[in-house]
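Working notes, structure below.
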Amino acid sequence: MKIADQLVDSSFSAIINAPIEKINIPEWVFNLSENEYQDCSPAHISAAKTIGADGRRMSINVEVIGGSLMVQHYQEEVSEPDHLILTSFSDVFTPTGRVLLHVKWELTVKAISNTQCEFTNHVTSHATEGLIQSLERQGIPFEVFRSQRQPNSIYHNRMETPLFAASIEKAALSGHWVGLFPQRDVASVK
């Protein structure tokens, strides 16, 4: 699927009060319960995990951003304890139909002391050709769509980032990284 123009580039950070050695972002993402996911934003509806046909872990997230229901099918691209990159062709359900966005979700932590880390939640999204064609059929200029989408996505990221950090901190301090999936070397499954 061809990816078109960028819609959103949003990055926010928060402090995690735990040493970096106790943090494992992939294990947190792939073991986050539905209730924990919902606690990280009122826009979060549901979360689940599975394994894709190519053997990579997937996180399926359902949320509402800017009044549009989104179903994200995040596949792991980079998977290290302090760095996780997930990509998704996400379904967005709008009043005029279903379209796809390409979303890249990057989560990182870096030590700022022996007992604290900085967590960064970075999300970028791009239109797909199908979305561009849908906008053209409706007579909606891409810039108008982008200007309406950006504030909602940026607001969502800003609000969920400190709650994600708190959830990661709780998991790190409890030592609770009980995995439903074995940790994989992502490069070996591509």
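The values are calculated or read from the model by the stated rules, or taken from the named source; none is laboratory data. This is a predicted model, so every value here is computed, not measured. Using ideal geometry, Cβ is built from the backbone for each residue, glycine included, and neighbour counts are taken over all protein chains shown.
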Scan segment 5-35 for residues that are in a helix (DSSP H, G or I), over 21 Å from Q75 (Cβ atoms) and not β-branched (V, I, T) and jot them down.
E21, K22, N35
Which pairs do you get when a residue that is closer than 22 Å to A111 by Cα, found in segment 5-21, comes within reach of a residue that is charged (D, E, K, R) and assigned to a strand (DSSP E or B), reach meaning Cβ atoms under 8 angstrom, with the pair 6+ apart or on two chains?
S13/E118; A14/E118; I15/E118; I16/E118; I20/K110
Where residues in segment 49-67 are surrounded by fewer than 16 Cβ atoms within 10 Å (Cβ to Cβ) and under 22 Å from S153 (Cβ atoms), which of them is farthest from the chain's Cα centre (by Cα)?
G67
Long-range neighbours under 8 Å by Cβ, at least six apart or interchain, first residue of a type in the set (V, I, T) within segment 132-146, second part of a helix (DSSP H, G or I) and surrounded by 13 or more Cβ atoms within 10 Å (Cβ to Cβ)
I132/F142
Exception for K170 within (1) touching a Ser or Thr at 6+ places or on another chain (Cβ under 7 Å); (2) modelled with pLDDT of 90 or more falls at (1)
For I45, indicate whether it is loosely packed, with under 15 Cβ neighbours inside 10 Å, farther than 18 Å from I168 by Cα, modelled with pLDDT of 95 or more and within 15 Å of the chain's Cα centre (by Cα).
no
Residue list for segment 79-93, restricted to those being out of contact with any Pro (no Cβ under 7 Å at 6 or more places or on another chain) and of a type in the set (S, T, Y):
T87, S88, S90
Which numbered condition N61 misses (of (1) under 30 Å from Q148 (Cβ atoms); (2) at pLDDT below 95)
(2)
Does S11 count as under 14 Å from the mean Cα position of the chain (by Cα), buried (at least 16 other Cβ atoms within 10 Å of the Cβ) and not charged (D, E, K, R)?
no
